[in-house]
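Notes to accompany the following structure.
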Amino acid sequence: MTTAGNTERVVKREDIEAKLREIRGVTDTTTEVAQEAAKPALVILVIAVVVGAFLLGRRRGRKRSTIVEVRRV
């Protein structure tokens, strides 16, 4: 790597490892924040699916149920 002052700096293994650790720390933090934000949305989605299945099943049950008429003679 060269800089404006024409001095060269050798990139060492420790420099690369330090930079990778820094990047990994940022991505780990971002992942944790995203997971925490997704939990309420997941709960709402599950509740919506359960309620939807209940309502569709109820509707289907009403459509397929037999109507019995009792007449007294």
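Derivation of every value follows stated rules applied to the coordinates shown; laboratory data play no part. Since the structure is predicted, the reported quantities are computational estimates derived from the model, not experimental observations.
Here are a few things to note about the model shown:
- Full-extension gain in nm, Glu14 to Val43, via 0.36 nm per residue minus C-alpha separation: 6.1 nm
- Size-normalised alpha-carbon gyration radius of segment 20-73, reference 2.2 N^0.38 Å: 2.49
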